[in-house]
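Below is one structure; the comments refer to it alone.
The values are calculated or read from the model by the stated rules, or taken from the named source; none is laboratory data. Everything quoted here is computed from the prediction, not taken from an experiment. Glycine also receives a Cβ, built like all others from the backbone with ideal geometry; neighbour counts cover every protein chain displayed.
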Amino acid sequence: MTYQTTLDYAQQQDELDPLKHFRDQFHIPKQQNGKDEVYFVGNSLGLQPKLTSEYVNDELTKWQKLGVKGHFESEHPWMPYHEFLTEQSAKIVGGQNNEVVCMNTLTANLHFMMVSFFKPTKERFKIVIEDHAFPSDHYAVESQLRHHGLDPKDAMILLKPREGEELLNHDDIKALIDEQGDSIALLMLPGVQYYTGQVLDMKSITQWGHDKGIMVGFDLAHAAGNVPMQLHDWDVDFACWCNYKYINSGPGAVGGCFVHERHATNTKLNRFAGWWGHDKTTRFKMANEFSATPTAEGWQLSNPPILSLAAIRASLEVFRQAGGMEPLREKSLKLTGYMEYLLKAEMGDRIHVITPADPAQRGCQLSLSVRMDGKEGKDVFNALEAAGCTTDWREPNVIRCAPVPLYNSFVDVYDFVQTLKACFE
Ligand SMILES: *Cc1c(COP(=O)(O)O)cnc(C)c1O
């Protein structure tokens, strides 16, 4: 792709953008001067669709007017409400409808998945995660190991980038599986690494793991709604994600979970059970015997928080109207490519992008490492903030920026890079 450095060019690209109307469907936070913020933290908390308050208010009104009858009456009764989210969620991650459910939250779902898919034996008892995993994932894995009486020192393998490098090397992942595969029970890796923005080759990793009899699960916190995936075809065993990052469903939103059909239809699979996972046709018989729903829904525990599901339904409707992940990805490739180009053109080597340069190995996020020529990275971040550009700071010196194709524009990227340049001068 060829880009240009002028404001004219950015404005032109916004004009040509087939998704340009979607920005108007979101509430964009304002600066004190009344102008829109440059909001590049959709990877942390996605913005609120204007449709959300309508969908949430519908449920509040229903509760006012119908009380308990809201479970069965109206166009979207609460009883099957989670089902209204399934089709769009499944499209976002490339799963079948019987493989996807919105329930609980991300870390909770990782635990519930490990209950079913981490079954250590004397020979095969290790879990592989990355050394720089999101802390919650690290704690979840460590506590699962201890729960089984295993010492994380022996049973937790931490995958690291090579000395002096920032990114995970797929050759090293393959070599690790080849060398220690027989003792590994579970591989649990990110789809998109939260710090560097690197996309892992989920398809190959799953294949390598399965060749050695290993279960393979992914944390898709930074992948869902960001990069297209084909979890079913890739044969991934399970995956979990949150709906408040790229899926714009609000702080603490209910999470998403994928269980491959192979496992989801196996009602005998061990799990921590609750009544909402019970076969729908007999759930209200209130029998003591648990009979699992033969889909991913069989892992649900409780009747879900409808107000949160309503916000997810609104957000998924926006994804549907935008045409799903393909057109979003198409714009994302251009937008992030443009940002990389402008940073290089305007900032030269004062900024080092640690995210892979290969567009196939990244989503929309670029992680900028600030060169310390008299400037502390944190000072630059604070100056950006004061100038109306919201980004995300991660110790020791990374500014994460995510131009999100649904609501960010080429002019956002232009303004951001001009502001960044001014912060240095
Ligand atoms: C955002 C994020 C989480 C957060 O977990 P919650 O349980 O939703 O609070 C966990 N893991 C990763 C990789 C994340 O990016």
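Every condition in (1) free of Cβ contacts under 8 Å to residues at least 24 places away in the same chain; (2) within 28 Å of VAL404 (Cβ to Cβ) is met by PRO152 except one, and the failing one is (2). Does segment 271-279 include one or more residues that are modelled with pLDDT under 95, more than 21 Å from VAL56 (Cβ to Cβ) and either among the charged types (D, E, K, R) or in contact with a Cys (Cβ under 9 Å, 6 or more places away or on another chain) (or both)? Yes.
Return the only residue of ASP201, ASP235 being touching a His at 6+ places or on another chain (Cβ under 9 Å) and within 24 Å of LYS331 (Cβ to Cβ).
Of ASP201, ASP235, the one residue that is touching a His at 6+ places or on another chain (Cβ under 9 Å) and within 24 Å of LYS331 (Cβ to Cβ) is ASP201.
Is it the case, given these coordinates, that THR121 is touching a Gly at 6+ places or on another chain (Cβ under 6 Å) and of a type in the set (Val, Ile, Thr)?
On the way: touching a Gly at 6+ places or on another chain (Cβ under 6 Å): no; of a type in the set (Val, Ile, Thr): yes.
For THR121, the condition - touching a Gly at 6+ places or on another chain (Cβ under 6 Å) and of a type in the set (Val, Ile, Thr) - is not met.
Filter segment 289-329 down to the residues that are touching a residue at least 24 places away in the same chain (Cβ under 8 Å) and of a type in the set (D, E, K, R), then identify the one that is nearest to GLY42 (Cα to Cα). Top of the filtered list is ARG329. Against the definition (surrounded by fewer than 16 Cβ atoms within 10 Å (Cβ to Cβ), out of contact with any strand residue (DSSP E or B) (no Cβ under 6 Å at 6 or more places or on another chain), more than 27 Å from GLY363 (Cβ to Cβ) and among the charged types (D, E, K, R)), how does ASP58 come out, yes or no? No, not satisfied. Per the listing GLN12, GLN25, GLN64, the residue uniquely in the same structural domain as PRO403 (by TED's automatic domain parsing) and over 18 Å from ALA322 (Cα atoms) is GLN12. Residues satisfying the criterion are absent from segment 57-68 (criterion: at positive phi and within 16 Å of the ligand (Cβ to nearest atom)). Any residue at all in segment 65-76 that is among the β-branched types (Val, Ile, Thr), surrounded by fewer than 23 Cβ atoms within 10 Å (Cβ to Cβ) and farther than 25 Å from VAL227 by Cβ? Yes, there is a match, as at least one residue in segment 65-76 is among the β-branched types (Val, Ile, Thr), surrounded by fewer than 23 Cβ atoms within 10 Å (Cβ to Cβ) and farther than 25 Å from VAL227 by Cβ. If the condition is being surrounded by fewer than 24 Cβ atoms within 10 Å (Cβ to Cβ), touching a strand residue (DSSP E or B) at 6+ places or on another chain (Cβ under 8 Å) and within 19 Å of PRO305 (Cα to Cα), then segment 243-275 contributes only ALA273. In summary, TRP234 fulfils each of the numbered conditions (1) in contact with a strand residue (DSSP E or B) (Cβ under 6 Å, 6 or more places away or on another chain); (2) of a type in the set (A, V, I, L, M, F, W, C); (3) away from the ligand (no atom under 16 Å from the Cβ) with the single exception of condition (1). Between GLN32, GLN64, the distinction of being modelled with pLDDT under 95 and either among the β-branched types (Val, Ile, Thr) or more than 15 Å from LEU316 (Cβ to Cβ) (or both) belongs to GLN32 only.
In segment 84-119, which residues are assigned to a helix (DSSP H, G or I) and within 14 Å of the ligand (Cβ to nearest atom)? Selection gives LEU106, THR107, ALA108, ASN109, LEU110, HIS111, PHE112, MET113, MET114.
State all residues of segment 198-228 that are of a type in the set (Gly, Ala, Ser) and either within 13 Å of the ligand (Cβ to nearest atom) or not assigned by TED's automatic domain parsing to the domain that holds VAL259 (or both); if no residue qualifies, say none.
Hits for segment 198-228 are GLY217, ALA221, ALA223, ALA224, GLY225.
ASN266 meets the stated requirement of being free of Cβ contacts under 8 Å to residues at least 40 places away in the same chain, polar (S, T, N, Q) and either in contact with a helix residue (DSSP H, G or I) (Cβ under 8 Å, 6 or more places away or on another chain) or under 25 Å from GLN144 (Cβ atoms) (or both).
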